[in-house]
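Written out below as structure tokens is the structure these notes cover.
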Amino acid sequence: MPSQTWLVKSEPSTYSYADLERDGKTVWDGVRNFTARGHLKEMQVGDQVFFYHSQEGKAVVAIAEVAKEAFPDKSDETGRFVAVELKPVRSLKQPVTLEDMKANPALAELKMIRQGRLSVSPVTADEWKAILRMAGE
């Protein structure tokens, strides 16, 4: 298990896990929330990241990995925000839906559920294991 684990959200119509697999890596930029920025700054190379499809699907579908730690977000003209680089690891055996996560008492404190608008959030070791179990892994 990696030292820190995370969850990132993306609308699949904008950028899906299939896009990440096709590209081999991506710059995770455009985050404009200060709490999420703090999480990006904490990410370290090798950290595992759940890839969540928001809007359509609403499910954790895959695992990615931090390939490059925080650096200035070139899409931010203010210079206040950062980006990281992610690379694909693998799709989950089965997607874990938001509805199923909300129904699991082990995930009652999951930041993504408690702070639904947060696009980058930490996942505890126990939460990580629970989501993997739900995915049939």
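No value in this document is a laboratory result; all are computed from the given coordinates. Given the structure is predicted, the values throughout are model-derived calculations rather than measurements. No Cβ is skipped: glycine too gets one built from the backbone with ideal geometry, and neighbour counts run over all protein chains shown.
Some notes on this structure:
- Estimated FRET transfer efficiency when R0 is 22 angstrom, pair Asp126-Lys41 (beta carbons, to 0.05): 0.40
- Among (i) 51; (ii) 36; (iii) 27, the entry derived from the coordinates for percent of Cα pairs over 23 Å apart: (iii)
- Partner lysines for Lys25 [C-alpha distance under 28 Å; skip if fewer than 8 residues away on the same chain]: Lys9, Lys41, Lys58, Lys68, Lys74, Lys87, Lys93, Lys111, Lys129
- Cβ crowding within 10 Å, taken as a proxy for footprinting-reagent exposure, orders Phe81, Phe51, Phe71 from fewest neighbours to most as Phe71, Phe81, Phe51.
- At q = 0.20 Å⁻¹, base-10 log of I(q)/I(0) for the stretch 22-91 (Debye sum, equal scatterers on each alpha carbon): -0.86
- Its relative contact order, with pairs defined as Cα atoms under 8 Å and 6+ residues apart, puts the stretch 5-134 at 31 percent.
- Cβ-Cβ distance of Arg133 and Glu77, R₀ of 41 Å, FRET efficiency by 1/(1 + (r/R0)^6): the value works out to about 0.45.
- Among the trypsin sites (Lys or Arg not before Pro) within the stretch 62-109, those in coil by DSSP and having at most 13 neighbouring Cβ atoms inside 10 Å are Lys74, Arg80.
- Mean residue ellipticity at 222 nm, helices only, the chain: -6500 deg cm²/dmol; runs of at least 4 DSSP H residues each add -39,500 (n - 2.57), and the sum is divided by the number of residues.
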